[in-house]
Each structure stands twice: as structure tokens, then as C-alpha cells.
């Protein structure tokens with residue numbers, strides 16, 4: 001398996017195909033319409049300007065992807081990044097999510113992010129277990145916050161510190177780093 005930075009032209013269709021069932025067939029994603037390859041390419045391009053977007057390549061095909069994104073709009077939140085991981089149906093429970101986060105989280109730390117946050121539509125035991133295995137801890141649950149798949153859904157928020165706290169204001173996060 002190869003973990004590498006996503007290429008919008010090369011990887012957008014595969015990422016869109018992996019993501020589509022999470023949107024259309026489950027409450028996992030709170031989006032209502034799956035993005036097509038062009039929309040996914042725009043996301044990869046846009047997010048990659050500030051955060052890493054990684055793909056896992058297995059036997060020549062994309063088996064999963066993970067990325068960082070803005071946690072909140074206000075400037076005081078600029079040291080926090082939301083993280084997301086999606087693994088294709090035929091590749092789950094093979095360590096792909098672990099490999100992706102194993103590469104993504106150190107990149108975010110080195111980039112200068114202080115915390116990683118993850119929102120998980122509940123229930124989702126596999127996602128909770130993955131995040132907690134990386135040291136994420138539940139910080140709260142928004143109850144009945146999203147209407148999806150014919151029911152109100154709770155969304156839990158998990159957080160993991162990436163860098164130790166200090167008494168001085170940290171430097172702003174830098175540009176995305178490349179895998180080394």
C-alpha cells in the first residue's frame with residue numbers, strides 16, 4: 001500500500017466513488033447529494049492549499065483517503081484542524097484508515113496545528129474505535145443535530161492534541177508539508 005498526496009485530476013473520481021455510498025446509502029455523511037468527480041477535484045485542490053489530502057493506493061487503485069480541513073471560520077480557531085477519513089467498502093478492516101491517519105496526523109502536527117477534531121455521526125463504532133485508537137477523546141455530542149436517512153442523528157465530536165500547549169502565542173500553521 002502506498003500513502004501519497006492526492007492529485008485532483010488523477011484521484012478525484014476514485015475519491016468521489018468511495019464517498020458516494022456514505023452520502024447516499026447511510027447517515028455517516030451529513031451531505032445530502034454526493035459530489036461528482038469535478039466537485040471532488042475542486043475540494044482536493046482547495047483543501048490542499050492549506051491542509052494535507054492523502055490517498056491510500058492498493059494494487060493500483062485508491063482504497064481510501066483522509067484530509068484535514070478548517071475547524072471553524074474565526075481566526076482564534078486557526079490552530080485546530082478537522083480530520084476525515086473514508087475507506088472503500090472492499091478495503092475496510094485492513095488497516096487503511098490507520099495508515100492514512102498515521103501519515104496525516106504527523107503532517108498536521110509538523111505544520112503547526114495544535115488540535116485535530118473529528119465529527120462522527122452516531123452510531124458508528126468503527127469510526128469511534130479508529131479515532132480513539134489514535135488518542136482522540138470524546139468532548140461532546142450534538143443531540144439530534146442532523147436529519148439524515150429519515151431520522152434525527154447525533155453527531156459526536158472527538159479531539160486529539162497534536163502539539164503541547166505553551167504559554168506563548170504559537171506561530172500560525174504553515175503551508176502543507178509533503179510526505180517524507
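The values are calculated or read from the model by the stated rules, or taken from the named source; none is laboratory data. Computed from a predicted structure; not experimentally measured. Because the Cβ atoms are built from the backbone with ideal geometry, glycine has one as well, and the counts that use them run over all protein chains shown.
Quick notes on this structure:
- Matching residues, the stretch 102-120, being surrounded by 19 or more Cβ atoms within 10 Å (Cβ to Cβ), in contact with a strand residue (DSSP E or B) (Cβ under 7 Å, 6 or more places away or on another chain) and farther than 18 Å from residue 72 by Cα: 104, 105
- The stretch 1-48, residues that are outside any helix (DSSP H, G or I) and closer than 30 Å to residue 152 by Cα: 25, 26, 27, 28, 29, 30, 31, 32, 33, 34, 35, 36
- Unmet requirement for residue 81, which otherwise passes all of (1) within 28 Å of residue 152 (Cβ to Cβ); (2) in contact with a helix residue (DSSP H, G or I) (Cβ under 9 Å, 6 or more places away or on another chain); (3) part of a helix (DSSP H, G or I): (3)
- Any chance residue 154 is more than 13 Å from the chain's Cα centre (by Cα) and surrounded by 14 or more Cβ atoms within 10 Å (Cβ to Cβ): yes
- Taking the criterion of being within 12 Å of residue 58 (Cβ to Cβ) and in contact with a strand residue (DSSP E or B) (Cβ under 7 Å, 6 or more places away or on another chain), the residues of the stretch 87-101 that qualify are 87, 88, 91, 96, 99, 100.
- Only one of the numbered conditions (1) surrounded by fewer than 21 Cβ atoms within 10 Å (Cβ to Cβ); (2) farther than 26 Å from residue 172 by Cα; (3) in contact (Cβ under 8 Å) with a residue 40 or more places away in the chain; (4) under 16 Å from the mean Cα position of the chain (by Cα) is not met by residue 20, and that is (3).
- Consider the stretch 84-101 and keep the residues that are part of a strand (DSSP E or B) and touching a helix residue (DSSP H, G or I) at 6+ places or on another chain (Cβ under 8 Å). The one that is surrounded by the most Cβ atoms within 10 Å (Cβ to Cβ) is 87.
- Residue check for residue 51: assigned to a loop (DSSP other than H, G, I, E, B), at pLDDT 95 or above, under 17 Å from the mean Cα position of the chain (by Cα) and surrounded by 19 or more Cβ atoms within 10 Å (Cβ to Cβ): yes
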